[in-house]
Amino acid sequence: MLSNLGIISSSTSLLISLFLIYLSFVELKISGNQIPKKIYKFSLAQLIFSSLSFLILLIGYVFSDFSMINVYENSHTTKPLFYKISGTWGNHEGSLLLWINILVIFSFLFLILNKNKNKNFKIFTLIFQNLLISIFFIFLLTNSNPFSPVFPVPDEGLGLNPILQDPALAIHPPLLYVGFVGSSIYFSAALAALISKVEAKSLATTLKPWISISWFFQTTGILAGSIWAYYELGWGGYWFWDPVENSSLMPWFLMTALLHSVLVLERRMGLYSWVIILSILTFTMSVVGTFLVRSGILNSVHTFANDPSRGLFILTFLVLMVFSSIFIFFKYTPSEKKNYRIFSKEFFILINNWFMTFFLAVVLIGTLYPVFLDTLIGEKISVGPPYYNFVLAPFLIPLLFLMTSGPKHKWVSSETKKFFDIILFLSSLLFLIIFFVIKENNLLINLILLFSIYLIIQTIFDFYENLKNRNINLSRIISHFGFGLLIFFISINHIFSVESNFNVRVGEKKDIKNYVIKFKNLETSSGNNYKSVVGYFEILNKKKLTKENLKPEIRVYNHPKTITYEASINSNLFSDTYLTMSNISNSDIFNIKFQKKPFMNFIWFSVLLVSLGGIINFFNRKKQI
Amino acid sequence: MKKIFFILILIFISTKLVAEANTKDKILKNLRCLVCQGQTISDSNSDFANIIRSVVDDKIQEGLTEKEIYKFLSEKYGDWILFNPPLKNNSYILWFLPYLLFVLGGAILYLMIKKTLIEKK
Amino acid sequence: MKKINLIIIFIFLIFIFTTLYLSLDNRKIYNTEDIVGQKIDEVELTLFNNNKTFNTKEISNYKFTLINFWASWCGPCRKEHKNLIKLSKNKNLKIIGVNFKDNKTQAKEFLKEMGDPFFILIKDPKGKQSVNFGVYGIPETILVNENLEILKKYIGPLGLKDVNEIRKIIKK
């Protein structure tokens, strides 16, 4: 029954979407500036029915209604309630339904919240957005239907992969979707703005809040994913340049460039085309990412189950979307007077866009190259962290430098600021102190440290100066400060991380650097839906004479039958101690991986600071800067 | 201009001087676990990873350099086992295209700025 | 100026999308079957029954050699074993077995029960020796000639098709 209700609800929402498109085209021919109540009402109805669909699926999961094949394949009666709920979007079909809901929510919110006077602009945005909604609904109902019934109804489900049963992983998709699916609204708005000839400042004011919000959620979504990877996947890292991770990072680069560009557009005309192009590209890149993740052409620990028919649908949609956008852009783009003055704010934002596009290109090339090589030539190579680190890391230096000196330049002036000033002096001093303490001899890392310190010090100075002049551009200061901290702590973490992989039996101990690791004993245990073997370890810090206890586990889940290796992590303020164990088959020997990871909490905190800037920007809408 | 040049030089020099403390860990992190989904030999708990870790240990004891170990393994298993793609005929584009694009982007930017500066005059 | 940009972008995009489309069909799971044409290394292996050594160099004494990696705990190895017995009847072919990460007693029982096609039996209790041959799972089988060149690699159990293919190659 739920199955039928779900299909009816979704289909209704689809029909309303199509009707909205029709109503909108009709409305275009009518003059006047008021959008008729009918459109608002149907928009609300569309929202109600799509939310209802999602709710129906959610109920199916909560009450373990296995008459829907999606619930059967991805859930189990013994799953904890929280994970039954999050299991709704932990699979391809359910997450697609979430995708669509976000599209609908943003469509509705834009309609009722947007104060732009240009009626055609709002109507065209509605049209484009609803085209997206309709196409995705059709995809859902014909190819990836979460409400597909199964008969006879099974008694029990197949269960959800235990590594997906984690709180960070539960919120990670919703956060990301508000981010990159939310970018659909400014995609639609950009195309609409071209056709209805919205002028620059008006467009900037309209788009800025949507861009800020989606950027904030994209940043925190990526953070949640990294936290999940760190705590749950058991390798001690938080970023692997895995294709699925890259798929969330690539839209982020574009969103960042777009956010900066739209801030400029509020004041100057010059970046109009950039804002339009970046708006179109962001959502396009989101769809590219969705394609890569769901089509099965990439090999990753994160991918959904494979099905080439999905890939074909998304690819076709992508092609249509890209070529339509290009056509609209080239037909309607205004010829504008560009007057970029060197060393003006616009100039630095353009430089920023150059860097962001470059980073995007590197990640895209690294991700797609193995696929292209294999398809065209038949040779298989891997592109992993060494490639990305090697190519990208050096460019952090000029980026950090530009982030520091760029904002110092005034909007109109073309004077060059003094290069050597007190802040650079202070930073160099601080850097030298740190250098002599840590004694790192890698030139690249030292430069990165130097320039991240420079950015940190500069933003602190900016903060005080702004306080003095009561001229708060808090969002920029906090985000750049956070970014400086992030790079700084990632570098320190990289330098001081300790890792050791060794074999040991119960009762034995091992000396690693300043630590003595004792394998005290082994016990069996069980949880809600698993049985486990727990290792009790005592870590003695020889320098500080402190002891800590860690208990990594090997868990055996039955539904589905999987073995997971649970890391035992002590997250202290300044450093994390990280231990995983696995046993060597046919022996009583255990393979232990011991890691000391400094400043992890500072890394997470830095990302939060970065994202905070976005939210502050959102709330700052009314202020004239 | 001078400071930009200075920074560029620093970048290119620094890419040459990437030293790493623990070679064994570095090697294990650079090898792909062939029977896992996107994990390194360092991270994986599979039997295959255990064997390869053992073999890398032996090779280091025998005195092989990092490069030689990669060569040994990639001969047997293909380049796919290496996360750092070796610079070969099939990876020139991979390694050089990003820098090409960066320079291209810079050139386009420069042309855009130059045009408006001339217009201004 | 604009027209040329458009055309360049179009061509570029068509290339990208076509390749992506082609990649949808081409999702081969990784395997090492194409790593042929190389020579196997000259390594010292340990015999199963005593601890004497066998150097792979000696394979050059035989026209064709099949090296089969197996274990008693491996289900598909059981399936392919009768095909190995069949092939062992062929005078042109010598079959070397490498017992991979196995228990000696159980391995002996396996051969007693299923027959012993192996001209030489090697033991590899830790699995490390098999790495020299690019083995990453079992069963795997490699066909080499007297020049130590790898002619064919079989990943997974040998089927009838593979047996016929081997027979054809060793006839020459």
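Summary table below
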quantity: Tally of residues being part of a helix (DSSP H, G or I) and out of contact with any helix residue (DSSP H, G or I) (no Cβ under 7 Å at 6 or more places or on another chain) across segment B:41-51; calculated: 4
quantity: Qualifying residues in segment C:36-78 (those that are part of a helix (DSSP H, G or I) and over 17 Å from the mean Cα position of the chain (by Cα)) - the one nearest to the other protein chains (Cβ to nearest Cβ); calculated: C:Lys57
quantity: Every residue from segment B:50-71 that is closer than 25 Å to C:Asp102 by Cα and more than 9 Å from chain A (Cβ to nearest Cβ); calculated: B:Ile51, B:Ile52, B:Ser54, B:Val55, B:Val56, B:Asp57, B:Asp58, B:Lys59
quantity: Among the candidates C:Gly134, C:Gly97, residue that is crowded, with 17+ Cβ neighbours inside 10 Å and within 14 Å of chain B (Cβ to nearest Cβ); calculated: C:Gly134
quantity: Selection status of A:Glu538, free of Cβ contacts under 8 Å to residues at least 60 places away in the same chain and either outside any strand (DSSP E or B) or farther than 20 Å from A:Thr524 by Cα (or both); calculated: no
quantity: Residue within segment B:4-20 that is modelled with pLDDT of 90 or more and more than 9 Å from chain A (Cβ to nearest Cβ) present; calculated: no
quantity: Residues of segment C:108-135 classified as touching a helix residue (DSSP H, G or I) at 6+ places or on another chain (Cβ under 6 Å) and either within 14 Å of B:Lys76 (Cα to Cα) or among the polar types (S, T, N, Q) (or both), total; calculated: 3
quantity: Residue match in segment A:286-301 (condition: at pLDDT 95 or above and within 11 Å of another protein chain (Cβ to nearest Cβ)); calculated: yes
quantity: Count of residues meeting criterion [under 19 Å from C:Gln106 (Cβ atoms), surrounded by fewer than 22 Cβ atoms within 10 Å (Cβ to Cβ) and free of Cβ contacts under 8 Å to residues at least 40 places away in the same chain] in segment C:53-81; calculated: 4
quantity: Residue within segment C:13-35 that is hydrophobic (A, V, I, L, M, F, W, C), away from chain A (no Cβ under 14 Å) and out of contact with any helix residue (DSSP H, G or I) (no Cβ under 7 Å at 6 or more places or on another chain) present; calculated: no
quantity: Residue, farthest from A:Phe488 (Cα to Cα), within segment A:375-391, restricted to residues that are of a type in the set (A, V, I, L, M) and either within 9 Å of chain B (Cβ to nearest Cβ) or crowded, with 19+ Cβ neighbours inside 10 Å (or both); calculated: A:Ile377
quantity: Of residues in segment B:21-35 being modelled with pLDDT under 90 and touching a helix residue (DSSP H, G or I) at 6+ places or on another chain (Cβ under 8 Å), the one nearest to the other protein chains (Cβ to nearest Cβ); calculated: B:Val35
quantity: Residues being of a type in the set (Phe, Trp, Tyr), touching a residue at least 40 places away in the same chain (Cβ under 8 Å) and under 17 Å from A:Gly378 (Cα atoms) - total across segment B:66-121; calculated: 2
quantity: Filter result for B:Leu64 (outside the structural domain of B:Leu28 (by TED's automatic domain parsing), surrounded by fewer than 19 Cβ atoms within 10 Å (Cβ to Cβ) and at pLDDT below 95); calculated: no
quantity: Given (1) facing chain A (nearest Cβ under 9 Å); (2) within 21 Å of A:Tyr388 (Cβ to Cβ); (3) free of Cβ contacts under 8 Å to residues at least 40 places away in the same chain; (4) assigned to a helix (DSSP H, G or I), index of the condition B:Gly38 fails; calculated: (4)
quantity: Residue satisfying all of: in segment A:341-374; more than 9 Å from chain B (Cβ to nearest Cβ) and outside any helix (DSSP H, G or I); modelled with the highest pLDDT among these; calculated: A:Ser344
quantity: Those residues of segment C:108-158 which are of a type in the set (S, T, N, Q), closer than 26 Å to B:Ser46 by Cβ and assigned to a strand (DSSP E or B), in sequence order; calculated: C:Thr141
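One line per residue, one yes/no per condition, for (1) of a type in the set (S, T, N, Q); (2) free of Cβ contacts under 8 Å to residues at least 24 places away in the same chain; (3) not in a loop (DSSP other than H, G, I, E, B):
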position: A:Arg476; (1), (2), (3): no, no, yes
position: A:Ser491; (1), (2), (3): yes, no, yes
position: A:Glu499; (1), (2), (3): no, no, yes
position: A:Lys518; (1), (2), (3): no, yes, yes
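The values are calculated or read from the model by the stated rules, or taken from the named source; none is laboratory data. This one's a predicted model, so the numbers in the text were calculated from it and none came from an experiment. Positions of Cβ are generated from backbone atoms using ideal geometry, with glycine treated the same way; all protein chains shown enter the neighbour counts.
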